[in-house]
Amino acid sequence: MEERQVTVDGTPRPLPDPFLVAATQNPVEYEGTYPLPEAQLDRFLLKLTIPLPSRQDEIDVLTRHAEGFNPRDLHAAGVRPVAGPADLEAARAAVAKTTISPEITAYVVDICRATRESPSLTLGVSPRGATALLATARAWAWLTGRDYVIPDDVKALALPTLRHRVQLRPEAEMEGVTADSVINAILSHVPVPR
């Protein structure tokens, strides 16, 4: 992902710009699959958790399937492009102009360093993770209509950006501690810049 290319039979092939890698993980079934090493997980920008649908939503999904819905037919499903490569490049350029104060940069570093000192974790956030948090906070600021990052932008993106970059100690996991609860505790203790 970082190299923006794939290698097949020893031949490197560049990926188009932009490109996106999306992966799914079913936490119930690991047979035939293996957890990714930390170095590979660290290359994913975000980890989103999606809860099970409500009973009515699940009924609606099954009803659509019973009526012949084909989830592979995106056009029939009503999925339409809302942006093209030029739009994404313009957004990327605008996000790059979003200002980050030294205090916000230090705040991101303090959050990530706190994960490395947490007694509940065997692995804290790497410098790559800190860079990712700064990038996602910057994008969030731009998406909310600002050209500067505030602490709330960092807080809003901390969980999806950091949860897959930390590793719980087995004893903490047995006590019901989660990556999200550790990150939330850190967010509540790291001083917020004013």
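The values are calculated or read from the model by the stated rules, or taken from the named source; none is laboratory data. As the structure is a computational prediction, the values presented were derived from the model and not from experiment. Quick reminder, even Gly has a Cβ in these numbers, built from the backbone with ideal geometry, and neighbours come from all protein chains shown. The protein model used for the area step is the full one, side chains on, heavy atoms only, and it has no ligands, DNA or RNA in it. Shrake-Rupley method; radii C 1.70, N 1.55, O 1.52, S 1.80 Å.
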Simple Cβ-charge dipole of the range 112-194, Lys/Arg +1 and Asp/Glu -1, about Cα centre, in debye nearest 20: 320 debye
Among Pro18, Pro53, Pro151, which one moves the most in a GNM of the chain with springs linking Cα atoms closer than 10 Å? Pro53
Taking H as built 1.01 Å from N, whose amide H comes closer than 5 Å to the amide H of Tyr148, not counting residues under 5 places away? Thr99
For the range 122-144 and the range 149-168, what is the separation of their C-alpha centers, rounded to whole Å? 6 Å
Kirkwood Rh, the chain, all Cα pairs: how many Å? 19.6 Å
Per-residue HN-Hα couplings for the range 59-75, Karplus 6.51 cos²θ - 1.76 cosθ + 1.60 at θ = phi - 60°, whole Hz, x for Gly and Pro? 4, 4, 4, 5, 4, 4, 5, 5, 8, x, 4, 10, x, 8, 9, 4, 4
Toy charge model, Lys and Arg Cβ at +1, Asp and Glu Cβ at -1: the chain dipole around Cα centroid in debye, rounded to 20, equals 540 debye
Exposed-loop-free span, longest in the chain, where GluC sites (Glu not before Pro) count as exposed if DSSP calls them loop and at most 14 other C-beta atoms lie within 10 Å: 68-174
So what's the back-of-envelope 222 nm ellipticity for the chain, counting only DSSP H runs of four-plus at -39500 (n - 2.57) apiece and dividing by all residues, rounded to 500? -14000 deg cm²/dmol
Total charge of the residues flanking Asp73 in space, meaning their Cβ is under 14 Å from its Cβ, with Lys and Arg +1 and Asp and Glu -1, is +2
With the full set of protein chains in place, find how many percent of the accessible area of the chain is carbon and sulfur; take the probe as 1.4 Å. 58 percent
For Cα pairs less than 8 Å apart in space and 6+ apart in sequence, what is the mean separation divided by the residue count of the range 6-130, i.e. the relative contact order in percent? 18 percent
Taking the solvent-accessible surface of protein heavy atoms with a 1.4 Å probe, what is the per residue accessible area of the chain in Å²? 70 Å²
